[in-house]
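Inspection log for the structure reproduced underneath, given as structure tokens.
The values are calculated or read from the model by the stated rules, or taken from the named source; none is laboratory data. Only a predicted model underlies this, so the values are computations on that prediction, with no experimental measurement involved. Methodologically, a virtual Cβ is constructed for each residue, glycine included, from the backbone with ideal geometry; neighbour enumeration extends over all protein chains shown.
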Amino acid sequence: MTAVRNVLVSGTALLAAVVLVGCSTDGSPEGKAKPKAVAAADVVPYAADYPSYDSVDALVKQSDVVITGTVIGTQVRELSPEAPTNDDPVANPQAGLSPEEAAESDPVVVTVSSIKVSQVLSGAGDVKAGDTIEVSQLGGTLDGVTYKEQETTALAEDSTEYVLMLADQGDKNPFDLLNPQQALYTVGSGDEVTPVAEGGFDDIGTVDELAAKAAEAK
């Protein structure tokens, strides 16, 4: 069976295409359909539509929290799509499905990183320096298959200091990057903030300068 699905991922990104791969039941008691291993490369492409921002100020203003921190652990998980109530099939690809049918939608593979927070540059709430929070990114390797979203650069579990601009998805869910390119940076020499991807802003300056911008934006 060829599956082309649209699902909402944690409310931040619209996953515009899942996979053009064969599906089969795995023989489990639930009879749940799972993708077969993709021939040769064993890679499943994801495509997602993220909100984009015209400036750092706009990005920071929209962020629930902006932090610096390092990755201390990662875990690949399957995330069940949300079941939005919008009846517009463009905004909600599950429009018209019964609750039972919506619940059977294929889960999405995500990598959840545990981040040790060094500084909170913007955002109130419960996050503070010294905390460990979870941040979810689309894709990862699960059961020998790699799920890859083209705009996503996976956070590295090493000594890299990151700046992350995050959306809060509630107490039971990991945070999300507002945009995989515009909301992800590293902290380099002299505390200079540098984009990880070409789509990021390259004129942020230092961590202190970003904190000042965040204070003004809020």
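Numbers below:
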read-out: The listed residue being over 16 Å from the mean Cα position of the chain (by Cα), surrounded by fewer than 18 Cβ atoms within 10 Å (Cβ to Cβ), of a type outside the set (Val, Ile, Thr) and modelled with pLDDT under 95, out of Asp131, Asp106, Asp88; value: Asp88
read-out: Test: residue in region 194-205 that is out of contact with any Ser or Thr (no Cβ under 9 Å at 6 or more places or on another chain) and at pLDDT 95 or above; value: yes
read-out: Condition met for Val38 (within 29 Å of Ala167 (Cβ to Cβ) and either at pLDDT below 95 or among the aliphatic types (A, V, I, L, M) (or both)); value: no
read-out: Matching option when the condition is more than 27 Å from Ser52 (Cβ to Cβ), modelled with pLDDT under 95 and of a type in the set (S, T, N, Q), among Ser98, Ser80; value: Ser98
read-out: Count of region 143-152 residues which are surrounded by 14 or more Cβ atoms within 10 Å (Cβ to Cβ) and either within 27 Å of Glu192 (Cβ to Cβ) or under 14 Å from the mean Cα position of the chain (by Cα) (or both); value: 5
read-out: Breaking point among (1) within 19 Å of Val60 (Cα to Cα); (2) in contact with a Phe, Trp or Tyr (Cβ under 7 Å, 6 or more places away or on another chain); (3) of a type in the set (Phe, Trp, Tyr), for Tyr147; value: (1)
read-out: Number of the condition not met by Asn173 [criteria: (1) modelled with pLDDT under 95; (2) not in a loop (DSSP other than H, G, I, E, B)]; value: (2)
read-out: Selection count where residues are out of contact with any strand residue (DSSP E or B) (no Cβ under 6 Å at 6 or more places or on another chain) and not acidic (Asp, Glu), scope region 188-199; value: 4
read-out: Meets criteria (under 12 Å from Thr68 (Cα atoms), in contact (Cβ under 8 Å) with a residue 60 or more places away in the chain, surrounded by 20 or more Cβ atoms within 10 Å (Cβ to Cβ) and not small (Gly, Ala, Ser)) for Leu210; value: yes
read-out: Residue count for region 179-196, restricted to those that are touching a residue at least 40 places away in the same chain (Cβ under 8 Å) and either touching a Pro at 6+ places or on another chain (Cβ under 7 Å) or more than 20 Å from Tyr50 (Cβ to Cβ) (or both); value: 2
read-out: Number of positions in region 175-207 that are surrounded by fewer than 22 Cβ atoms within 10 Å (Cβ to Cβ) and within 11 Å of the chain's Cα centre (by Cα); value: 1
